[in-house]
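The structure appears below as structure tokens.
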Amino acid sequence: MVTATPEIRVQNLSIQYGEKVALAGASFEVMPNEIFGIIGPANSGKTSFLKVLNRMDTFTPGMRFSGTAEVGGRDVRSWRNLYALRRRIGVVFPLPVGLPLSVYDNVAFAPRLAGVRGKAELDAIVERCLRRAALWDEVKDRLKALGSLLSGGQQQRLTIARALSQEPSILLLDEFSIAVDPVTTMRIEDVLKELKQEMTIVLVTNLVQQARRLADRTAFFLMGECVSVSPTEALFTGDADPRARDYVEGRFG
Amino acid sequence: MTDRKADPAVDRRDVAWWSDKAVSVLVFLGGISAILFIIGIFVFITREGFGFGEHFKAGEIFGSTRWAPTSDSNPTYGILALVAGTASVTGLAMLIAVPFSLGAAIYIAEFAKGRTREVLKVLVEMLAAIPSVVWGFIGLTIMNPLIIQTFDVPIGLCVLNSGLILGLMAAPIMTTIAEDALKAVPDSYREAAEALGATRWQVTRRVVLPAARQGLLAAVLLGVGRGFGETMAVLMASGHSINLPTSPFDSVRALTATIAAELGETAVGSPHYQALFMLGILLFAVTFLINLAADLIVRGIRKG
């Protein structure tokens with residue numbers, strides 16, 4: 001096996017909200033171009049982990065973390081320009097957040113921040129991102145409509161298109177299918193399988209079968225502990241950890 | 001088994017039912033009384049002012065700067081200078097208050113954190129509670145000599161003085177309302193935009209301000225209304241002399257201040273008395289138009 005540099009590496013990562021520990025001493029690596037699943041019951045520290053990666057912890061009063069968290073071989077705390085770090089990482093939230101802008105402006109938001117001004121160039125970026133998010137055919141005639149007028153599933157694909165617009169090397173998905181119907185979920189999953197060629201994807205999900213369909217490897221978080229990290233199939237065979245198998249088989253959680 | 005439908009003990013008007021009825025009547029009275037009062041005031045002002053009709057010469061009233069209602073030989077009721085006085089003072093006040101209060105609101109809502117934000121909010125609200133006569137006092141005793149000294153002019157009671165005072169008065173209220181408007185923008189917008197690598201200022205400019213524009217517009221218009229209707233501070237700081245201002249150092253007289261200063265000295269029902277009520281109608285109409293405009297603009301934004 002080729003030893004590549006891990007895209008994400010955490011070593012003994014602990015996250016706290018005030019006195020409450022959200023994640024205690026997690027250590028694992030995420031390789032380039034893999035889909036890395038994270039499953040586990042609520043309050044297991046999954047979302048908190050994502051927040052550390054692009055330093056969204058700065059929004060949450062009282063949130064602290066210790067240990068190592070590296071993105072692209074560099075500690076996230078060593079970035080002097082947090083905004084540049086965040087531009088490397090695309091995030092998709094559980095509930096789609098359409099910025100109060102048109103479909104076009106939603107996708108063009110990040111490129112414009114990055115200084116892209118040319119109309120033709122922006123048009124090309126918007127079309128490419130919407131195509132990659134499997135949304136182009138549905139919205140190409142109403143790019144000027146408010147993003148919030150789209151259906152829930154379309155909005156979620158819009159947020160994916162938006163996350164892609166900054167050419168991230170990492171895409172973080174936090175339970176993206178919560179507000180999306182099964183058909184759309186399948187379409188997005190197909191999109192993710194293709195995007196994997198170009199970027200690293202971290203997929204936090206409540207749906208065990210979704211992790212099984214998509215993830216190359218999956219971590220199982222339980223009550224703030226990273227119980228196991230293994231090839232996804234191992235969770236189902238019990239080779240990873242008996243607690244993980246109990247969870248994926250629905251015996252608790 | 002008992003037949004529940006037929007049980008009379010279940011279907012009975014209990015305390016909760018009666019108190020609900022009582023409260024709904026009370027809030028109805030409260031709500032309707034406000035409307036009745038406003039209509040009453042409108043009818044009263046209109047009735048008192050409309051008696052002026054026989055002296056009403058539109059050309060003189062809107063075309064002349066001579067406001068001399070007490071003249072024995074030739075009473076004139078030109079309000080041009082008074083309108084110009086109110087407009088210049090309010091305009092200058094808004095020029096000062098709008099940037100400062102929007103800046104303050106953006107700082108408090110978007111940039112300040114934790115304790116700083118809380119302390120600032122309380123301070124701004126305290127500023128909003130300073131009585132207007134105190135502001136007038138400041139204009140009279142502090143600003144007046146300051147302006148005379150700084151700009152080497154004979155009189156410091158002028159457009160500049162009252163505009164500054166009025167701007168400072170309106171700013172805290174505008175800040176509070178504008179800040180509420182910014183706070184009403186969901187945090188998820190901010191998070192989503194920052195996750196895209198936007199800086200705090202980029203988030204504010206591209207996402208928060210456009211989303212809050214209705215509320216911000218309301219804040220500005222409320223400030224305009226405040227400046228327009230303010231009486232005491234303007235009366236004290238403007239110099240109260242009839243003038244078409246050509247520079248910020250000219251003394252002026254405002255519509256409101258004219259009513260306040262003269263109404264007590266007129267005979268009820270005299271042309272002067274009725275002329276003052278006509279000014280009242282004018283103030284009422286302009287305020288109404290400002291509010292109507294704000295309402296229409298806000299509706300337009302909501303539709304588009």
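List of remarks:
- Scope the range A:94-111; condition within 8 Å of chain B (Cβ to nearest Cβ) and in a helix (DSSP H, G or I); matching residues: A:PHE109, A:ALA110
- Looking across the range B:159-185, the residues that are surrounded by 24 or more Cβ atoms within 10 Å (Cβ to Cβ) and over 17 Å from B:ASN144 (Cβ atoms) come down to B:ALA170, B:ALA171, B:MET174, B:THR175, B:ALA178, B:GLU179.
- Being more than 25 Å from A:GLU189 (Cα to Cα) and at pLDDT 90 or above holds for only one residue in A:PHE65, A:PHE36, A:PHE59, and it is A:PHE65.
- Exactly one residue out of A:LEU164, A:LEU150, A:LEU172, A:LEU195 is away from chain B (no Cβ under 14 Å) and within 24 Å of A:ARG88 (Cβ to Cβ): that is A:LEU195.
- Looking across the range A:115-143, the residues that are under 21 Å from the mean Cα position of the chain (by Cα) and part of a loop (DSSP other than H, G, I, E, B) come down to A:ALA133, A:ALA134, A:LEU135.
- The range A:75-97 residues that are farther than 25 Å from A:LEU150 by Cβ, paired with ones that are surrounded by 18 or more Cβ atoms within 10 Å (Cβ to Cβ) and of a type in the set (A, V, I, L, M, F, W, C) (beta carbon under 6 Å, 6 or more apart): A:VAL76/A:ALA69; A:TRP79/A:LEU85
- Residues that are of a type in the set (A, V, I, L, M) and assigned to a loop (DSSP other than H, G, I, E, B) were ranked within the range B:237-274; the one that is nearest to B:VAL286 (Cα to Cα) is B:ALA254.
For every residue, the table says whether it meets (1) in contact with a His (Cβ under 8 Å, 6 or more places away or on another chain); (2) more than 27 Å from A:LEU50 (Cα to Cα); (3) small (Gly, Ala, Ser).
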| position | (1), (2), (3) |
| --- | --- |
| B:ILE148 | no, yes, no |
| B:ILE155 | no, yes, no |
| B:THR176 | no, yes, no |
| B:LYS183 | no, no, no |
| B:SER188 | no, no, yes |
| B:THR199 | no, no, no |
| B:GLN214 | no, yes, no |
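- Across the range B:181-231, the number of residues qualifying as out of contact with any Phe, Trp or Tyr (no Cβ under 7 Å at 6 or more places or on another chain), part of a loop (DSSP other than H, G, I, E, B) and not small (Gly, Ala, Ser) comes to 4.
The values are calculated or read from the model by the stated rules, or taken from the named source; none is laboratory data. The shown structure was predicted, so the numbers you read here are calculated from the model rather than taken from an experiment. Cβ sites come from the backbone with ideal geometry, for glycine too, and all protein chains shown count toward neighbours.
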